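Read the figures in this text as sums done on the coordinates, not as results from a lab. Predicted model only: the values in this text are computed from it and were never measured. Ideal geometry is used to build each Cβ from the backbone, glycine not excepted, and the neighbour counts take in all protein chains shown.
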Ligand SMILES: *Cc1c(COP(=O)(O)O)cnc(C)c1O
């Protein structure tokens, strides 16, 4: 009997250079923040996004918290966002005393429904937070137009949107501020890590300060001020250079990672065409103006019992396939801290029917075939 090999849902990337760069970070005798590798990562992302400022952070959560601080919210100010997202999207604003206001998602992209935003705007609304779910762009032209009309900030939760585009423009810099995640479950990972980006000069200047405990330490190191001191609100959001060294080793092979992930995504997509025609599942829909960064491959079942049985069947066959999210509007903290002006039928439905399949850099063709076979077996019984 052979040993059973479990196909995990995710597997972190560790490259040929990861160990070498981590050791080199030590050799630099600068293992706190903003050392050699942090600078390399920031520069890489600034070039990739063609943006004014890109600052490495401890996490995507930390980048969102920076954006929330920079938004200068007053207690009771409202921020519009989807309920179908990770809790950090809302938490960052709750920490500033603001109230997340939930809007339902589109049935095709599972992104904030731009047609429903204006109905949720009140005199207290200060910002819109589009979450680019699965790296597929929200309808940014419409969202930006609404924001302009009502004088609102646009803060992109681009946690899943590395190497993702809207009408050819990189996500993360389509609004006023953008937040990326390099958590180990994202395409590009540092274990824990994130990035804050902006094209706005004023926000860029303050972002550097907010990230450095509210001090002008970076200006001091550049010789722009003769002493460094506490000048604004802030916290400690910069990672150690060891984290950046690991991240840089992964960024170096980003093109390879992306090519591999897209190939895996496409194979899943093609494999389930028949199941979609047979109306057993739905596959992801990617509008023409959006790119596919292959962050996630998901299937939508017709109902909760079918999804529950599917996940159990996969687990029996040693394939790990998780679901998410419990809608924030129905979570205990969401009910306590947030406002839900309307029903959320799409969010509720997707939350009960979506399942994610294993998708990671070194998922072999053989492993993927096994996943597909088991899925097909299950669907044959539906
Ligand atoms: C992963 C994720 C985050 C949080 O990022 P961390 O780096 O884990 O803090 C926030 N929002 C969304 C949509 C995410 O997918």
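Once both labels are positioned 7 Å from their Cα atoms along Cα-to-Cβ, the gap between residue 269 and residue 331 label points is 2.9 nm. Legend: Rg and Dmax of the range 203-251, from Cα coordinates, 12.6, 37 Å. Can you figure out the FRET efficiency of residue 373 with residue 262, using R₀ = 22 Å and their beta-carbon distance, to the nearest 0.05? According to the calculation, E is roughly 0.50. By the count of other C-beta atoms within 10 Å, a proxy for reagent exposure, 104, 176, 226 are ordered fewest to most as 226, 176, 104. Each principal axis of the Cα cloud of the range 263-319 was evaluated for its coordinate range; sorted largest first, these ranges are 37, 24, 18 Å. Label positions at residue 24 and residue 285, each projected 7 Å from the Cα along the C-beta direction, are separated by 4.7 nm. Taken over the alpha carbons of the range 65-209 as equal point scatterers, the Debye sum produces base-10 log I(q)/I(0) values at 0.08 Å⁻¹ of -0.19.
Quick one, what does Rg over Rh come out to for the range 316-379 if you take C-alpha atoms and the Kirkwood Rh?
Ratio value, two decimals: 1.16.
Its residues counted as N, the chain yields a C-alpha radius of gyration over 2.2 N^0.38 Å of 1.01. Ranked for footprinting exposure by Cβ neighbours inside 10 Å, fewest first, 129, 154 give 154, 129.
Taking the longest Cα principal axis of the chain as reference, the axis of helix 241-251 is set at about 50 degrees. Helix 304-316 versus the longest principal axis of the chain: what angle, 0 to 90°, nearest 10, using Cα atoms? Around 90 degrees separate the two axes. Per residue, the chain reaches -11500 deg cm²/dmol at 222 nm when only DSSP H runs of four or more residues are counted, each adding -39500 (n - 2.57).
Here the convex hull built on the C-alpha positions of the range 195-322 has a volume of 207 cubic angstrom per residue.
Exposure proxy shown here: for 308, 109, 347, the number of other Cβ atoms within 10 Å sets the order, fewest to most, as 308, 109, 347. Applying 1/(1 + (r/R0)^6) with r as the Cβ-Cβ distance of residue 43 and residue 308 and R0 = 45 angstrom yields a FRET efficiency of 0.45.
The long axis of helix 201-211 is offset from the longest Cα principal axis of the chain by roughly 80 degrees. Of all beta bridges that DSSP places with both ends in the chain, some 55 percent have antiparallel geometry. In µm²/s, what is D for the range 1-160 at 25 °C and 0.890 mPa s, where D = kT/(6 pi eta Rh) by Stokes-Einstein and Rh is the Kirkwood radius from Cα pairs? After rounding, the answer is 135 µm²/s.
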